[in-house]
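Reviewing the structure listed below.
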Amino acid sequence: MPNTMNLETSVETFLRAQQGKNRRPATLVAYSTDLTQFVAWLRETNGVIDTPADITRLDLSEYLAHLADRQLAGVTRARKVATLREYFRFLDSIAVLRYADIGILATPKKEQRGRNYLSPEEYNRLLAAAGGHPRDYAILQVFLQTGVRVSELCALTLEDIDLVGKELRVREGKGQSERRIELEKKGIQALKSYLRQRADTLSPILFLNYTGEPLSERGVQKMLAKYLAQAGITKRISPHALRHTFASYKAARGVSAFQLQAWLGHARLDTTSIYVHLVRQNAKKAMEATSL
């Protein structure tokens with residue numbers, strides 16, 4: 001592999017390699033966005049850089065300072081640095097440059113922010129607001145009863161729902177791996193109500209929009225925002241916050257981190273353990289509040 005490949009070609013080569021590793025679509029989008037912005041910044045600030053091998057430690061230090069000047073959140077800057085690490089390690093693996101020459105990129109400190117989730121009173125208000133719309137009510141129940149990601153929900157097909165076996169099949173990445181989540185009574189009833197009035201279409205996708213096309217992630221976000229407003233909930237709640245609601249509720253009721261990991265589809269147990277830590281923190285507050 002020649003070390004003369006230009007910046008744009010190196011990014012395209014990296015992204016193709018990541019697709020081959022079955023990265024999640026959201027991860028690929030983040031990689032593409034982060035590296036496109038990085039290359040654009042290099043082109044604007046240093047006219048002599050044309051290949052990855054031209055990049056120096058000083059360039060990276062100035063780029064990190066640029067990100068800080070933009071007042072991006074620490075978690076966002078940390079993600080961009082992680083993308084750059086993956087990019088440079090890949091280029092090292094194909095002999096375009098030496099990763100050691102670039103230097104180890106320090107990860108910006110992430111701000112400690114609480115995970116937004118709904119209380120039982122709040123999610124009951126949310127469900128009540130959507131009660132007159134079978135599709136939307138079913139979507140909210142699936143989120144709250146299974147903890148799926150919004151991308152996974154939008155990809156669900158009719159074949160993924162087993163109402164007899166009381167099970168939901170969730171396909172990950174490009175569909176090469178999957179996990180199964182038990183369906184409880186409320187979720188099953190909501191899905192049955194929706195399926196009775198679902199549009200008669202050849203589309204295999206479970207949730208459709210008003211034109212009979214697959215519902216998009218943006219469509220789900222807009223739908224959720226509508227019912228949050230109707231329910232008078234002012235928290236910043238996204239579809240991912242409904243996933244947090246599911247996990248926090250289950251952890252608070254004694255579900256093990258191992259079971260949560262299986263339901264949530266986390267690759268690493270320490271990702272799931274955050275919910276156990278939240279429960280422990282709440283327990284400390286409860287002990288203090290009920291001191292004898």
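Derivation of every value follows stated rules applied to the coordinates shown; laboratory data play no part. What you see is a predicted model; the values in this text were computed from it and never measured. Glycine gets a Cβ as well: all are built from the backbone with ideal geometry, and neighbour counts include every protein chain shown.
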### Message
I need the Debye-formula profile for the stretch 120-239: one equal scatterer per C-alpha, no solvent, reported as log10 I(q)/I(0) at q = 0.11, 0.15, 0.16 1/Å, two decimals.
### Response
-0.34, -0.65, -0.75
## Note on the structure
If 263, 41 are placed from fewest to most neighbouring beta carbons inside 10 Å, the sequence is 41, 263
## Note on the structure
Quick P(r) readout (the stretch 7-102; Cα-Cα; 5 Å bins; whole %) gives 2, 12, 25, 27, 20, 11, 3
#### Entry: Net charge, residue 229 excluded, C-beta distance under 15 Å - Lys, Arg +1, Asp, Glu -1
+3
### Summary
Ranked on Cβ counts within 10 Å of their own Cβ, fewest leading, 55, 233 go 233, 55
#### Entry: Binned Cα-Cα distance frequencies in the stretch 145-189 - 10 Å width, integer %
27, 61, 12
#### Entry: Taking 92, 200 and counting other C-beta atoms within 10 Å, the order from fewest to most
200, 92
## Note on the structure
In whole Hz, the Karplus estimates of ³J(HN,Hα) for the stretch 223-232 (6.51, -1.76, 1.60; θ = phi - 60°; x where Gly or Pro) are 4, 4, 4, 4, 6, 4, 5, 5, 7, x
### About the Cα centre, charge dipole magnitude for the stretch 7-102 (Lys/Arg +1, Asp/Glu -1 at Cβ), debye
560
